[in-house]
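A.B. asks: What follows is a structure written as structure tokens; I'll ask about it next.
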Amino acid sequence: MKTKRPAIPYIGWMLVFTIVPLVMVIYYAFTDAQGHFSLEPFQNAAVYSEVFLYSLWIALISTFICLVLAYPLAFSISRCSERSQSMIVMFLMVPMWMNFLLRIYAWVLILQNYGPLDMILNFFGVDVTLIGNSGAVIVGMVYEFLPFMILPLHTVMSKIDSSLIEAAQDLGCSGFYVFRKVVFPLSVPGIISGVTMVFVPTASTFLVAQYLGGTQFMIGDVIERVFQSDHNTGSAIAVVLMVVILGFLVFMNRFGDKEAVNG
Amino acid sequence: MKKLRSKIYFIIIMAFLYLPIIYLIAYSFNDGKTSVWKGFTLKWYTALFRDSQIMGSLYNTLIIAILASVIATILGTAAAIGIYNFKGGVRSALQNVSNIPIINPEIVTGVSLMLLFTFAGVMMGFEMGFWTVLLAHIGFCTPYVILNVTPRIRQMDSSLYEAALDLGCTPVQAFFKVVMHELLPGIFSGFLISFTYSLDDFVITYFTRGSRFQTLPIQIYTMTHQRINPKANALSALLFITVIVILLISNFASLKKSKEAAR
């Protein structure tokens, strides 16, 4: 049991299938088509900086909406009996088990022209195109990732002792103050992991925008398209995405530590 | 009053999560291709079962998922034990490298593996297909096994293993009779997560499958990309029912277990 040997196969595995591929992406990002060192890929990638910012923007809005929707729900679930909590969590997870493309496809059917929602709105005399815009993409993202926000929030909130809340109320706290001084500080770790679990996949996902967003692609779609013809530029975009996501994770971690100290 | 409000809110969120899936399933029985209801039919289901491509990719998906999750479980359990016996810095470095496929955006993992496999393919004369997809799936499943097994190792009393040796077990016997027994819940949940992630993976498969190898998520993509295809609805219905049945069985099993434990 004290031997390190069982780890050897996996260490070799990580070297070949984790480290080497990443080194290759970085290598491609810093070379031109002839294999000489060059910053050309990054210059080419700069064309897509607008798409990049758009993706981060979509991810930010989707994450925010998920947080606002999930927070009160997670709290009220966490005040239920233990038995019904595990039931509810199971029901929240069922849609996640459905293939993600099929879930997006469901929204294509719902939002399409002459689809059910369009018909209802037309009936009331509202004539808008529901699909092919950022709004549709955000709806798709929120639908896709809402459970990823609810579940970590719920995990953290279910550990908040109800007597803490009652104590605050007994000591004369109003509803808002109970929230600000008790519930919110204790739920910060859940917010941080929820935000991370929603933001990272939304920012880097691909296909959701192709299904719902019309011609406005996101950075994941761009990586896929560019990679079909130009590995160097594609790698450069991938490196930038990786660095941004890593920076975000480090920031969230720091933030979490600081909150934990102050709280 | 407050109770009622949170109940209504809960119902709204559940409706948001479930109505699209219900809509999707309902229209798998529609005798027309648009959102106009043209009468009940089962023709999309018969078409689905007659589609040898879809059935073939279902077979591929299952084979890949079974192989990848079994191999990842063995590799990951061994790695978790081995890595645990490293000290301080080396251990956390290994754990961090192991977590890279979880932290990195899927699309970056996908393209980096594609670079590796195309390069190796040119060098050694093979094309991407079944084997590269299998390797990629083992690669992203193993970290989840390690994450599930490591806490179990931490909780385990190492003197149990020594006691087994003192009582005359060979190290192999002691491992399978004592250590495995203690780690089994972690190993099992790691296996389950690996299996479901492998079944459902689209992005990484998309980049490592080459031009011919098909899995079900890839097939779903071909079926639904920029078109409406009621066969996809029928497939959704079948997948959804499978998920529900599996969840019910596993819930029932754990309920039975906890009842037995209570006795």
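Coordinate-derived values only; no laboratory data. Just so it is clear, the model here is predicted, and its values are computed rather than measured. As a convention, Cβ positions derive from the backbone with ideal geometry for all residues, glycine included, and neighbour counts pool all protein chains shown.
A.B. asks: Put one equal scatterer on each alpha carbon of the stretch B:49-227, apply the Debye formula with no solvent term, and list log10 I(q)/I(0) at q = 0.09, 0.10 1/Å to two decimals.
C.D. replies: -0.40, -0.48
A.B. asks: A follow-up question, please. Grab the other residues whose beta carbon is less than 14 angstrom from that of residue B:111, score K and R as +1, D and E as -1, and report the net.
C.D. replies: Residues close to residue B:111 contribute a combined charge of -2.
A.B. asks: If you don't mind, another one. Pull out the extension gain between residue B:52 and residue B:122, defined as 0.36 nm times the separation in residues minus the alpha carbon to alpha carbon distance; nm, one decimal.
C.D. replies: In short, 22.0 nm is gained.
A.B. asks: In degrees, nearest 10, range 0 to 90: what is the angle between the Cα axis of helix A:49-78 and the longest Cα principal axis of chain A?
C.D. replies: Roughly 20 degrees between the two axes.
A.B. asks: Applying the Karplus parametrisation 6.51 cos²θ - 1.76 cosθ + 1.60 with θ = phi - 60° to the phi angles of the stretch B:32-45, what ³J(HN,Hα) value in whole Hz is obtained for each residue in order, glycine and proline being reported as x?
C.D. replies: x, 9, 9, 7, 8, 6, 10, x, 7, 8, 10, 5, 5, 5
A.B. asks: For the cross-link pairs A:181/B:3; B:43/B:231; B:87/B:177; A:159/B:3, which exceed 18 Å when the distance is taken from alpha carbon to alpha carbon?
C.D. replies: Result: A:181/B:3; B:87/B:177; A:159/B:3 exceed 18 Å.
A.B. asks: Quick check: the angle from helix B:180-200's long axis to the longest principal axis of chain B, C-alpha only, nearest 10 degrees?
C.D. replies: Approximately 30 degrees, to the nearest 10.
A.B. asks: With a sphere of radius 14 Å drawn around the Cβ of residue B:11, what net charge do the other residues whose Cβ falls strictly inside it have (Lys, Arg +1; Asp, Glu -1)?
C.D. replies: After counting each charged neighbour, the total is +3.
A.B. asks: Continuing with this model, one more query. Note down the nm distance, to one decimal, between modelled labels 7 Å out along Cα→Cβ at residue B:157 and at residue B:93.
C.D. replies: 3.5 nm
A.B. asks: If you take every residue apart from residue B:173 with its C-beta less than 15 Å away from the C-beta of residue B:173, what net charge results, scoring Lys and Arg +1 and Asp and Glu -1?
C.D. replies: For residues surrounding residue B:173, the net value is -2.
A.B. asks: Now for a different question. Say the dipole of the stretch A:48-262 comes from +1 at the beta carbon of Lys and Arg and -1 at that of Asp and Glu; which of A:136, A:172, A:88 then lies farthest toward its positive end?
C.D. replies: It is A:172.
A.B. asks: If you don't mind, another one. Just going by the charge dipole of chain A, with Lys and Arg at +1 and Asp and Glu at -1 on Cβ, which of A:240, A:146, A:75 is farthest out on the positive end?
C.D. replies: A:75
A.B. asks: Another question, if that's okay. Can you give the charge dipole size of the protein assembly as shown about its Cα centre, rounded to the nearest 20 debye, using +1 on the beta carbon of Lys and Arg and -1 on the beta carbon of Asp and Glu?
C.D. replies: With Lys and Arg at +1 and Asp and Glu at -1, about 1300 debye.
A.B. asks: Short version: ³J(HN,Hα) in whole Hz for each residue of the stretch B:230-245, in order, from phi by Karplus 6.51 cos²θ - 1.76 cosθ + 1.60 (θ = phi - 60°), x for Gly and Pro, what are they?
C.D. replies: Karplus values, whole Hz, x for Gly and Pro: x, 4, 5, 4, 4, 4, 4, 4, 5, 4, 4, 5, 4, 4, 4, 4.
A.B. asks: Next question. Is the shape of chain A best called rounded, prolate or oblate, per the rule: a/c under 1.5 gives rounded, else a/b larger than b/c gives prolate, else oblate, with a ≥ b ≥ c the square roots of the Cα gyration tensor eigenvalues?
C.D. replies: It is oblate, given that a/c is not under 1.5 and a/b is not larger than b/c.
A.B. asks: Among B:156, B:236, B:135, which residue has its Cα positioned farthest towards the positive end of the charge dipole of chain B, with +1 placed on the Cβ of Lys and Arg, -1 on the Cβ of Asp and Glu, and the dipole taken about the Cα centre?
C.D. replies: B:236
A.B. asks: At what distance in nm do the modelled label points of residue A:253 and residue B:173 sit from each other, each positioned 7 Å from its Cα along Cα→Cβ?
C.D. replies: 4.5 nm
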